[in-house]
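Remarks on the structure that follows.
The values are calculated or read from the model by the stated rules, or taken from the named source; none is laboratory data. Quick caveat, the model's predicted, so the values are computed rather than measured. Cβ coordinates were reconstructed from backbone atoms using ideal geometry, including for glycine residues, and neighbour counts include every protein chain displayed. Keep in mind that these areas ignore ligands, DNA and RNA; they rest on the heavy atoms of the full protein, side chains included. Shrake-Rupley method; radii C 1.70, N 1.55, O 1.52, S 1.80 Å.
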Amino acid sequence: MLKTKSLPPDIVAIVRDKSTEYPFTGEYTDFGQPGTYLCRQCGLALFRSKTKFHSGCGWPSFDEEIENAVIQKTDADGRRTEILCARCDAHLGHVFQGEGFTVKNTRHCVNSLSLDYVPDLQVLDTEEAIFAAGCFWGVEFYLKKCPGVLKTEVGYTGGSKLEPTYEEICSGNTGHYEAIRVLYDPKIITFTELTKYFFEIHDPSQEDGQGPDIGHQYLSVIFYYTDEQKKCAEQLIVSLEQNGFAVATKVLPVSVFWRAETYHQDYYQKNGKKPYCHYYVKRF
């Protein structure tokens, strides 16, 4: 699944335009948790945490890739060797040999912005969904509990302003929705199953927001990457309506997803609280 349409400009600059992020600024430069690093553009597993090491270069370093996940190409100037995702050709960085950092004598120097980290040691491929269902704190609280969900990230999408802030989207003038980006393992959970759960953790019949949160930014929306996702969402809405449920949920194509401020990520987990306007109701 190519996710180019949802990528913000700083990530596009790396994965498509082959730019390089500034050293010592990347999220994963000094990150050391066990798990797997995925291609940010297509979700393919690229590196395991056991191959990551600290090189002091200012970028995440790996001495081995997952088999057949990364390809190498000589730069146009013939001086360096570029590394790319083997499936989607996303630019990752460069590979260097003979530096002696590890016994494998190899350093894949990778831009953090070209990666997604998930705390799973076995995953080989992932897919992505983007939903909106009111305050993204509550949506994330429930979706993180869903088996097969590997990563969640709250943010803003659907609007016109570049790099919106929470205060700006709360004004209701930017056209953004509070949304959540969900990475999941399709071998464990399907898009259909995930979307059914989405419909069961909020009130899809509410037309003006969610619970006491009223406004455009709190509306219920399914954002689709593919025709298959769109068809699935529409079929589930028809199924709910046939069973007597009113559904106000919109089905829209994905657009740029802007990651929300750090304090919004995993908000309830960090603050020891529970959602005030989201709850589970079985509808399927």
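Let's see how each residue does on (1) of a type in the set (Phe, Trp, Tyr); (2) open to solvent by less than 50 Å² (accessible area, probe 1.4 Å):
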site	(1), (2)
Glu140	no, yes
Leu143	no, yes
Pro147	no, no
Thr152	no, yes
Leu162	no, no
Tyr184	yes, yes
Leu194	no, yes
Tyr197	yes, yes
- Note on the structure: Checked the range 173-199 for anything within 18 Å of Trp137 (Cα to Cα) and out of contact with any strand residue (DSSP E or B) (no Cβ under 7 Å at 6 or more places or on another chain); matches are Tyr197, Phe199
- Of the numbered conditions (1) out of contact with any Gly (no Cβ under 9 Å at 6 or more places or on another chain); (2) exposed (fewer than 15 other Cβ atoms within 10 Å of the Cβ); (3) on the phi < 0 side of the Ramachandran plot; (4) not in a strand (DSSP E or B), Gly78 fails exactly one; give the number of that condition. (3)
- Task: Please indicate, with yes or no, whether at least one residue in the range 65-75 is touching an Asp or Glu at 6+ places or on another chain (Cβ under 6 Å) and either buried (at least 17 other Cβ atoms within 10 Å of the Cβ) or at pLDDT 95 or above (or both).
- Result: yes
- Per-region count, the range 226-243, residues open to solvent by 70 Å² or more (accessible area, probe 1.4 Å) and among the small types (Gly, Ala, Ser): 0
- Item | strands (runs of 3 or more DSSP E) contained entirely in the range 177-284, each with at least 2 residues that are without any contact (Cβ under 8 Å) to a residue 12 or more places away in the chain | none
- Flag if Gln206 is closer than 24 Å to Glu127 by Cα and among the polar types (S, T, N, Q): no
- Task: Using the structure shown, decide if Ser61 is touching a residue at least 12 places away in the same chain (Cβ under 8 Å) and open to solvent by less than 20 Å² (accessible area, probe 1.4 Å).
- Result: yes
- Query: How many residues are surrounded by fewer than 20 Cβ atoms within 10 Å (Cβ to Cβ), over 15 Å from Gly43 (Cα atoms) and either hydrophobic (A, V, I, L, M, F, W, C) or in contact with a Pro (Cβ under 8 Å, 6 or more places away or on another chain) (or both) when one looks only at the range 90-120?
  - Reply: 4
